[in-house]
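Before any comments, here is the structure.
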Amino acid sequence: MTGVTKIRKQVATIANRLYKKLKNLSTAFKRAWQIVKGRELITKLAGVTFGNRQKALAKLQQYNSNDISVSLVREADNAYDNNAIAVNVSVKDSTAYNLGYIPKELAIVLAPLIDKGLQLISRFVEVRGGEYDKPLYGGVIAIEL
């Protein structure tokens, strides 16, 4: 199998998994190519408006992103999504806090990798929002592939 054929097969496999959730083949293939081509995947967190996560994001703004540790925790028994991957953060080795989740369209691809024992390395990129025109905060992380 040539290198190009192998890459196309990976893209098709990922796109098919994404298509089941997204119901849009074009979007699924674009996202699949981004995943396969990139060494690092930048994504916004989902579920950041629940609980005290907005307060936690506001507090994280005062820290340097290098001081924030990120761990991805697989939640196969999650009631809302069986592919759920929680994003836990801690500042300078403090107690970890669930800041949100990996978006569903990405979790459907990453969950099987974690289930097979792959350790995904991630880092905190930034807090977005919190301004007068965008009053809610959002979190952005990077995942090494």
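Please treat every number below as a calculation from the coordinates, not as lab data. Note that the structure is a prediction, hence the values are computed from the model and not measured. For neighbour counting, all protein chains shown are included, and Cβ atoms are generated from backbone atoms with ideal geometry for every residue, glycine included.
Odds and ends about this structure:
- Considering residues of segment 114-145 that are free of Cβ contacts under 8 Å to residues at least 60 places away in the same chain and of a type in the set (Val, Ile, Thr) only, the residue farthest from Asn88 (Cα to Cα): Ile114
- Output for segment 62-117, where each listed residue is over 26 Å from Lys23 (Cβ atoms) and touching a Leu at 6+ places or on another chain (Cβ under 9 Å): Ile68, Val70, Asn88, Val89, Val91, Leu99
- Total residues in segment 41-60, condition surrounded by fewer than 17 Cβ atoms within 10 Å (Cβ to Cβ) and β-branched (Val, Ile, Thr): 2
- For segment 61-77, the candidate set comprises residues that are in contact with a strand residue (DSSP E or B) (Cβ under 8 Å, 6 or more places away or on another chain) and surrounded by fewer than 15 Cβ atoms within 10 Å (Cβ to Cβ); within that set, the residue that is nearest to Ile114 (Cα to Cα) is Val73.
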